[in-house]
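None of the figures in this text is laboratory data; all of them are computed from the coordinates on show. Every value quoted in this text rests on a predicted model; they were computed, and no experiment measured them. Glycine also receives a Cβ, built like all others from the backbone with ideal geometry; neighbour counts cover every protein chain displayed.
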Amino acid sequence: MIGLIELAADGHFRLMVGGLINPINPINLINHFAPPALIVTFGVHFLTTNHAMKYRRLQQDELESLEKDFIRFLATNQVTASEWEKLKDEESEKVEKLIRIFSDIVFEKVLNDVQYLEYKTPKDIKTFHFEEDRIVMNGLLVEGQTSFDFTLEQSPQQMLQQIQLTGAKLKLYTAEKAYSRARNMEIFEM
């Protein structure tokens with residue numbers, strides 16, 4: 001899968017070419033990138049300007065799992081291995097800036113590809129479908145006394161049997177809303 005992402009002059013990332021990924025959880029998708037997952041270009045001027053984080057900095061284990069992509073990111077931006085080592089020793093602010101930019105690019109790519117999220121509690125399960133201009137939520141709520149738990153792995157037959165034995169009721173509900181801010185930011189904040 002190859003994704004070409006560029007940071008436009010207006011400060012927004014744009015996915016130019018993308019692969020097909022349908023994650024349930026965008027954070028877990030980070031570990032599923034197949035090299036080469038990202039080819040990233042940005043001008044040298046980004047090293048001299050402030051980069052406000054849009055999402056969050058990748059954690060060390062997340063960065064390590066994306067090592068090949070990060071190396072490709074550095075190479076695309078003409079940072080050699082020896083230059084990277086020198087930057088780490090002498091210019092920690094630039095190192096941090098590169099990691100923050102790379103982190104935002106990774107999250108932007110992941111969030112662009114998210115179509116569905118699932119959220120479970122013991123008595124409630126919700127699915128969110130992220131359409132172009134709105135979020136559609138469908139839910140199933142267990143009402144009444146029961147030891148039933150959506151977070152446990154059970155077959156649908158086992159779930160139904162457990163609910164029927166206790167006399168609990170299922171309540172289906174749905175809702176939708178237009179995005180109040182950028183689609184990817186709403187997904188990230190969920």
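Numbers at a glance
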{"read-out": "In order through region 103-120: 3J(HN,Hα) via Karplus (6.51 cos²θ - 1.76 cosθ + 1.60), integer Hz, x for Gly, Pro", "value": "4, 4, 5, 4, 5, 4, 4, 4, 5, 4, 8, 6, 10, 9, 10, 10, 10, 10"}
{"read-out": "Net length gained if the chain between Glu131 and Thr166 were fully extended (0.36 nm per residue, minus Cα distance)", "value": "8.9 nm"}
{"read-out": "Karplus (6.51, -1.76, 1.60) ³J(HN,Hα), θ = phi - 60°, over region 149-160, in Hz, Gly and Pro reported as x", "value": "8, 4, 7, 8, 7, 9, 6, x, 5, 5, 4, 4"}
{"read-out": "Additional length obtainable on full extension of the chain from Ser155 to Glu96, 0.36 nm per residue less Cα span", "value": "16.6 nm"}
{"read-out": "Rough spin-label spacing in nm, given labels placed 7 Å along Cα→Cβ, for Arg57 and Glu83", "value": "2.2"}
{"read-out": "Centre separation in Å (Cα based) which lies between region 93-115 and region 117-151", "value": "29"}
{"read-out": "Using θ = phi - 60° and Karplus 6.51 cos²θ - 1.76 cosθ + 1.60, couplings along region 131-139 (whole Hz; Gly, Pro as x)", "value": "7, 4, 10, 7, 10, 10, 10, 10, x"}
